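Heads up, the thing below is written out as structure tokens.
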Amino acid sequence: MIPHTHVFGILPTGGGKSDAYLIPALMNPEKITVVILSLRALEVDVQLRLSSTHISWRRWNSRDPTHASLHLVSLEVAITDDFIHWCKAQAEHNMLQRIVVDEAHLI
């Protein structure tokens, strides 16, 4: 992907949408990718897929600032002041590489 560009992708189920954020997270593990998930079931699916990769990931938690390449966050958490502040801090330190909204049509 070209740096500093916006990407809007529409793909069918099984079309590889998650590869758009998994591959860059794998290739650049020191940077942070945030994935906003609109449904709990989607989060479980993503967690299962991540468990079979070498990508460091975690559910975002304001009380545990452990670094990971990929942070999963629910839609409800993504709009909180704590999360927005954390994202801004990561961006200021040039750590935040991308924010992905998975299954945006469900929002």
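The values are calculated or read from the model by the stated rules, or taken from the named source; none is laboratory data. Predicted model, so just to flag it, every value in this text is computed and none were measured. Positions of Cβ are generated from backbone atoms using ideal geometry, with glycine treated the same way; all protein chains shown enter the neighbour counts. Quick note on the areas: whole protein, heavy atoms, side chains included, nothing else; ligands and nucleic acids left out. Shrake-Rupley method; radii C 1.70, N 1.55, O 1.52, S 1.80 Å.
A few comments on the model shown:
- Each residue in the stretch 27-66 was checked for being of a type in the set (A, V, I, L, M, F, W, C) and either touching a Gly at 6+ places or on another chain (Cβ under 9 Å) or at pLDDT 85 or above (or both), and 9 of them qualify.
- Some residue of the stretch 32-49 being over 25 Å from residue 10 (Cβ atoms) and of a type outside the set (A, V, I, L, M): no
- Of the helices (runs of 4 or more DSSP H) entirely within the stretch 29-107, those holding at least 2 residues that are open to solvent by 50 Å² or more (accessible area, probe 1.4 Å) and in contact (Cβ under 8 Å) with a residue 24 or more places away in the chain occupy 40-51.
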